[in-house]
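**Student:** Submitted below is the structure of interest, expressed as structure tokens.
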């Protein structure tokens, strides 16, 4: 490449990454704008939901697998990391990584099991898997304390970088930075993956497995990969959930949770990665704003999901594109009118 | 010991026949449309509440209440098909399922807002009287009604599918929708009929389950997940398989409750489900079909 | 790909013996054997339901035969799944069009380059220079393939919006993306008008000149007569006749089968 090409490529590279910097800046400002712990907690939950939603979108929107068992990966990450810390004294970040690994492994196991199953059968299998995981969490009292739950889970330990004061995560602002930061990191990594040939391969599997195989794509391996990655991200969210909420009960991971994450993905726009981010933000924040009207949260989810599928299956992203096209048309017409 | 086994078997048959009613609806819909109605569970729940309000609030006869629930279920089936499955038919394989997940969440939580989480005491006049059977076992009138009504309904349905023209037309649409259309059958109308029948069955099952289970807005969900297991084990779209699988699951459930830990029944049933999917996803009786490319 | 356009007995050929395949109650393929030599165009014809597509599915790996052997370039194919056969150099198009409908025309072809990426694993996650080179190379190659079939004008259109005939050509471009040594085409002319069939014949001839072995399942007798070196005629899943196109045209059993005499 010539020098001119080089610097042009460099500036495109920066331009494409600009959104990263903007998002990071927004995250940096959030705790300054939202000072009370209620809203900060809501934002942390939003960040957790973003992680769940992009993980599910990787599996559903990109690889085309209708996974209804995502809540199980969330729960496995939460319980596994917590139990490793409390029973084995494992340091937080090692337990975090182990939780991710275990969730990822569970995802891969489910995918291997269900590899030969068609769409609806896979959905039911994943549902069955989630029910079993929930029942295990509920009944294996010796390990999980069952419905009584696990209490007094500590937040991540303070990080002390050399020369800087220690950052303690008991403070909601710091926790928000941590969780939102990881959400941004996972988004970046998944985005890189889907823009690579891996994304193309997953899209091929989603569109037509038979012809994908004729191009040398081993559909089973790649489905297992997609499940593994999506589940691992859910596991990370689970580890953060446990250390933020401080309490862990099996009912936090019932199948309804799978459906709410599904709603976020669909309402946002499946297969776009940024759509589910918007869906997670919208479906976490809106119900909080409507708190005054009773617990409408789930009614809202149900209505949003149904209406979006019926009338705008591409979700918020489709609506945004539609609006942009219409505005573009208006501007064109206005310009030509002169 | 034998008494206990017999008693559990009787209970198993009672619950099994209810599961079969619910599962038959799912399997009929899948057979004719290759789709799953996730809101089927909520039709069961609404049927239960319809019968409850008919008897408790309006003072109606319980048996008539079952009829009311049947009609309510039928109406809901009509609505769900007209609003969701018919419009989405061309577009996608998985979107209708996702839409019905949305409907299910909406219905359950709307009911929760309206009716509250506290269980309703749905006492049918038949719940408490008991008939003594052989070997020291007994059965309540309620359970006997359940078995009788379920068996009659299932038998009627089976006869309908096998021997009437409409039943055969339904099976034709299930096998090959386009050709059935060419031969003069109206596939859209038959799909609607299937939905109405399936949902009527669900409503009925709800009315009979009401006095037996805990009646909350989530009553249907406890049954639906087992119904899915039954449909998979029996084979999607396979009526005989569903009947056998339903009774089987009812019996297994009773056995697990009695012999092992009641909390584990779900795990056992679902492990069976996953085992079935691993080994024979098309079900116990259905033959393997290779997709023609 | 060699420039040698004559049948080269030394190059990879495909040999099948005694293939059987049953679906439920139907014997789709019965006792079929064939011998495709390197660099030739081998056509399989027969009336509807003769089992031609099933035979292609057996060779490409969509289905496994109940009995029989298939050997390509010395490798036993039976038991190998479709994606492994693609690695060996087999490619195919489908009778029922199986494009990636929501992807663009260009992306359909790019997706088929799956086997030919040259990127170190870490660059899938953080896109570096090798990634950029591979990205550019794939798109350039894809555009060349689109130009080969005449679809280079509108690469960003969703594949579903193409006309039927164009979709068939896109299928061909995709199959070529794997750089196959043996290309199997299933009814490529179905739905094409006369001009499009002409273009298709040109394409097949060009490919043959470049040394590609082609197995062609076709209904369109004119097309077959123009390009095929040898023809296998099937009927009711069985071998009816095999020979050069002229011989096939003259054979009474073949004529009877097509006219419904048998």
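The values are calculated or read from the model by the stated rules, or taken from the named source; none is laboratory data. Since the model is a prediction, treat every value here as computed from it, not as a measurement. Reconstructed Cβ throughout: ideal geometry from the backbone, glycine too, with neighbour counts over all protein chains shown.
**Student:** For the stretch A:272-290, enumerate the residues that are surrounded by fewer than 23 Cβ atoms within 10 Å (Cβ to Cβ) and within 14 Å of chain B (Cβ to nearest Cβ).
**Tutor:** A:287, A:290
**Student:** Check C:91, C:50, C:43, C:16 and return the single one that is within 14 Å of chain A (Cβ to nearest Cβ) and either in contact (Cβ under 8 Å) with a residue 40 or more places away in the chain or part of a strand (DSSP E or B) (or both). Full working, then the answer.
**Tutor:** Numbers: C:50 fails: within 14 Å of chain A (Cβ to nearest Cβ); C:43 fails: within 14 Å of chain A (Cβ to nearest Cβ); C:16 fails: within 14 Å of chain A (Cβ to nearest Cβ).
Every option except C:91 fails the conditions.
**Student:** With the requirement that a residue be more than 7 Å from chain C (Cβ to nearest Cβ) and under 17 Å from residue C:160 (Cα atoms), what does the stretch A:199-208 give you?
**Tutor:** A:205, A:206
**Student:** Can you list the helices (runs of 4 or more DSSP H) found entirely within the stretch B:1-98 that contain at least 2 residues being in contact with a helix residue (DSSP H, G or I) (Cβ under 6 Å, 6 or more places away or on another chain) and surrounded by fewer than 18 Cβ atoms within 10 Å (Cβ to Cβ)? Break it down into steps so the answer makes sense when it comes.
**Tutor:** Numbers: elements: B:2-33, B:40-52, B:62-80.
Counting at least 2 such residues, we get B:2-33.
**Student:** Condition first: surrounded by fewer than 23 Cβ atoms within 10 Å (Cβ to Cβ) and either over 23 Å from residue A:252 (Cα atoms) or more than 21 Å from the chain's Cα centre (by Cα) (or both). Now tell me which residues in the stretch A:97-112 satisfy that.
**Tutor:** Listed by number, the list holds a single entry, A:112.
**Student:** Same structure, new question: Determine which single condition residue A:303 fails, assuming it passes every other condition in (1) within 29 Å of residue A:79 (Cα to Cα); (2) within 14 Å of chain B (Cβ to nearest Cβ); (3) assigned to a helix (DSSP H, G or I).
**Tutor:** (1)
**Student:** Quick test for you: out of B:152, B:144, B:156, pick the one residue that is part of a helix (DSSP H, G or I), touching a residue at least 12 places away in the same chain (Cβ under 8 Å) and within 24 Å of the chain's Cα centre (by Cα).
**Tutor:** B:144
**Student:** For residue B:265, indicate whether it is within 11 Å of chain A (Cβ to nearest Cβ) and either touching a residue at least 12 places away in the same chain (Cβ under 8 Å) or surrounded by fewer than 23 Cβ atoms within 10 Å (Cβ to Cβ) (or both).
**Tutor:** yes
**Student:** Right, residue C:74: surrounded by fewer than 22 Cβ atoms within 10 Å (Cβ to Cβ), more than 7 Å from chain A (Cβ to nearest Cβ) and in contact (Cβ under 8 Å) with a residue 60 or more places away in the chain or not?
**Tutor:** Yes.
**Student:** Condition test on residue B:118, is it buried (at least 16 other Cβ atoms within 10 Å of the Cβ), out of contact with any strand residue (DSSP E or B) (no Cβ under 8 Å at 6 or more places or on another chain) and more than 14 Å from chain A (Cβ to nearest Cβ)? Steps first, answer last, please.
**Tutor:** Values: buried (at least 16 other Cβ atoms within 10 Å of the Cβ): no; out of contact with any strand residue (DSSP E or B) (no Cβ under 8 Å at 6 or more places or on another chain): yes; more than 14 Å from chain A (Cβ to nearest Cβ): yes.
In short, no.
**Student:** Filter the stretch C:122-159 for residues that are surrounded by fewer than 13 Cβ atoms within 10 Å (Cβ to Cβ) and at the interface with chain A (Cβ under 10 Å from one of its Cβ atoms); which is farthest from residue A:197 (Cα to Cα)?
**Tutor:** In this case the residue turns out to be C:129.
**Student:** I'd like the residue in the stretch A:306-317 that is more than 9 Å from every other protein chain (Cβ to nearest Cβ) and not in a helix (DSSP H, G or I) and, out of all such residues, is surrounded by the fewest Cβ atoms within 10 Å (Cβ to Cβ).
**Tutor:** Only one residue tops the list, namely A:312.
**Student:** Moving to a separate point now. Does residue C:203 count as within 14 Å of residue C:91 (Cα to Cα), part of a helix (DSSP H, G or I) and touching a helix residue (DSSP H, G or I) at 6+ places or on another chain (Cβ under 7 Å)?
**Tutor:** Spelling it out, it is not the case that residue C:203 is within 14 Å of residue C:91 (Cα to Cα), part of a helix (DSSP H, G or I) and touching a helix residue (DSSP H, G or I) at 6+ places or on another chain (Cβ under 7 Å).
**Student:** How many residues, within the stretch A:113-139, are surrounded by fewer than 18 Cβ atoms within 10 Å (Cβ to Cβ) and either under 21 Å from the mean Cα position of the chain (by Cα) or more than 10 Å from chain B (Cβ to nearest Cβ) (or both)?
**Tutor:** Going through the stretch A:113-139 one residue at a time, the tally reaches 1.
Conditions tested, residue by residue: (1) facing chain C (nearest Cβ under 9 Å); (2) more than 23 Å from residue A:270 (Cα to Cα); (3) at pLDDT 95 or above.
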position	(1), (2), (3)
A:197	yes, no, no
A:228	no, no, yes
A:235	no, no, yes
A:246	no, yes, no
A:251	no, yes, no
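**Student:** Looking at the stretch C:99-107, can you tell me whether even one residue there is within 7 Å of another protein chain (Cβ to nearest Cβ) and exposed (fewer than 15 other Cβ atoms within 10 Å of the Cβ)?
**Tutor:** Yes: the stretch C:99-107 contains one or more residues that are within 7 Å of another protein chain (Cβ to nearest Cβ) and exposed (fewer than 15 other Cβ atoms within 10 Å of the Cβ).
Conditions tested, residue by residue: (1) surrounded by fewer than 19 Cβ atoms within 10 Å (Cβ to Cβ); (2) in contact with a helix residue (DSSP H, G or I) (Cβ under 9 Å, 6 or more places away or on another chain); (3) within 30 Å of residue A:30 (Cα to Cα); (4) at pLDDT 95 or above.
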| position | (1), (2), (3), (4) |
| --- | --- |
| A:192 | yes, yes, yes, no |
| A:210 | yes, yes, no, no |
| A:222 | no, yes, no, yes |
| A:238 | no, yes, yes, yes |
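**Student:** Further question: Can you run down the residue pairs with Cβ atoms below 8 Å, 6 or more apart or on separate chains, where the first is in the stretch C:203-232 and at pLDDT below 90 and the partner is surrounded by fewer than 16 Cβ atoms within 10 Å (Cβ to Cβ) and part of a strand (DSSP E or B)?
**Tutor:** The qualifying pairs do not exist here.
**Student:** Would you check which residues across the stretch A:142-157 are more than 25 Å from the chain's Cα centre (by Cα) and surrounded by 12 or more Cβ atoms within 10 Å (Cβ to Cβ) and list them?
**Tutor:** Scanning the stretch A:142-157 gives A:143, A:145, A:146, A:147.
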